[in-house]
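Worksheet for the structure shown next.
The values are calculated or read from the model by the stated rules, or taken from the named source; none is laboratory data. Keep in mind the model is a prediction, meaning the values are calculated, not measured. Counting neighbours? That spans all protein chains shown, and the Cβs are built from the backbone with ideal geometry, glycine included. Protein only, heavy atoms only, side chains kept; ligands, DNA and RNA dropped before computing areas. Shrake-Rupley method; radii C 1.70, N 1.55, O 1.52, S 1.80 Å.
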Amino acid sequence: SSSSQKPSFDLWNFLRPFDIYVWLLIGASIIVTGLLYWFLEKINQDADARSLDTRPLSSIFLSAIVFTTHFEFRPNTSSAMLCSWSWTFWSLIVAAAYTANLAAFLGFARQEPAHVFYASLDQVVRREVPICVFRYAAQDT
């Protein structure tokens, strides 16, 4: 029966709450936002408290690190603040959706069937299934 199967361990289960296309979109969004923040720094040297204009990979890294709840941007201009705020808000929404989907995924993966029907009382006894019965059956009255 399906209830006697042992759950298998899969190292990649943490990716299952989202489709592969969602993961690709998240990766692309990280890169695009990092490059956008780098471009804002390139246009205006005061966009960030650090000098990121010669290091686009640093901007991509800062964009990726937002998903771990570490805000490492240091915006000084309105455009950099808007970019970093919108990216942080988007990351919050995606992280919340991931957490909800992961909880639902893990909950459904371990959920036992609500009702199992047996053909006879002998099956119940052989499988040692606990059952509930009324204290006084109709035959006892």
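When the residues of segment 76-95 are narrowed to those that are more than 20 Å from the chain's Cα centre (by Cα) and of a type outside the set (Gly, Ala, Ser), which ends up surrounded by the most Cβ atoms within 10 Å (Cβ to Cβ)?
Out of the qualifying residues, it is Cys83.
Checking Tyr98 against (1) under 30 Å from Phe9 (Cβ atoms); (2) in a loop (DSSP other than H, G, I, E, B); (3) aromatic (Phe, Trp, Tyr), which single condition isn't satisfied?
(2)
Report, by residue number, each residue of segment 45-63 that is open to solvent by less than 40 Å² (accessible area, probe 1.4 Å), aliphatic (A, V, I, L, M) and outside any loop (DSSP other than H, G, I, E, B).
Once the filter is applied, which keeps residues that are open to solvent by less than 40 Å² (accessible area, probe 1.4 Å), aliphatic (A, V, I, L, M) and outside any loop (DSSP other than H, G, I, E, B), segment 45-63 yields Ile60, Leu62.
I want to confirm something. Restricting to segment 10-22 and keeping residues that are open to solvent by 70 Å² or more (accessible area, probe 1.4 Å) and part of a helix (DSSP H, G or I), which single residue is modelled with the highest pLDDT?
Among residues in segment 10-22 that are open to solvent by 70 Å² or more (accessible area, probe 1.4 Å) and part of a helix (DSSP H, G or I), the one modelled with the highest pLDDT is Tyr21.
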